[in-house]
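So the structure is just underneath, and the comments pick up after that.
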Amino acid sequence: MKVVQLRYFASIREALGRGGEQRQTGAATLRDLRAELVELGAPYADALAPGRAVRMALDQVMSDDEAPLRDGAEVAFFPRVTGG
C-alpha cells in the first residue's frame, strides 16, 4: 500500500466538498487511482467518472493515465478547461 496526497481543483473540489485529502491506495498508476476513487461511489463517481474530462498531475507535472504512482506522491485532479 502507498499513501498519496490528493488535491482537487475547481468544479471537482466543489463536487467533493474538499480541496484535498490523504489516502492509502494499492493503485499502480494514475488510472488505477482514479478507478479506486470512482468505486467509492458518490460524490467521487460523479466528479471523476471515466467519461468526465479530467486532467491529472503527478508531483506537480501534468501526467497521463499510465504514470506510475509512488509512496508519498501528490496527485492533483483538474477539470479540463476550454478557452478562446
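Read the figures in this text as sums done on the coordinates, not as results from a lab. These figures come from a predicted structure and were not determined experimentally. Ideal geometry is used to build each Cβ from the backbone, glycine not excepted, and the neighbour counts take in all protein chains shown.
For Glu74, what residues show an amide H to amide H distance below 5 Å, using hydrogens built from the backbone and excluding near sequence neighbours?
Gln5, Asp59
Counting DSSP beta bridges with both partners in the chain, what percentage is antiparallel, nearest 5? Each step should come with its number before you reach the end.
Working: 15 of 19 bridges.
Given both bridge residues lie in the chain, the antiparallel proportion sits at roughly 80 percent.
Roughly how tilted is helix 30-39, in degrees to the nearest 10 and between 0 and 90, from the longest Cα axis of the chain?
So the inclination is approximately 70 degrees.
Within region 54-84, name every residue whose backbone N is under 17 Å away from a label modeled 7 Å from Cα of Val3 along the Cβ vector.
Taking a point 7 Å out along Cα→Cβ of Val3, the residues of region 54-84 whose backbone N falls under 17 Å are 70-75.
For region 4-49, what does the alpha-carbon gyration tensor say about shape, rounded, prolate or oblate, given a ≥ b ≥ c as the root eigenvalues, a/c under 1.5 as rounded, and a/b over b/c as prolate?
Oblate, because a/c is 1.5 or more while a/b does not exceed b/c.
Among the GluC sites (Glu not before Pro) in region 38-84, which ones are in a DSSP loop with at most 10 other Cβ atoms within 10 Å of the Cβ? Mind listing them?
Glu66
Among (i) 44; (ii) 34; (iii) 39, find the value of percent of Cα pairs over 18 Å apart that was calculated from the structure presented, and write down its label.
(ii)
Distance between the C-alpha centers of region 28-84 and region 8-23? Whole Å please.
If you average the Cα positions of each part, the centres end up 11 Å apart.
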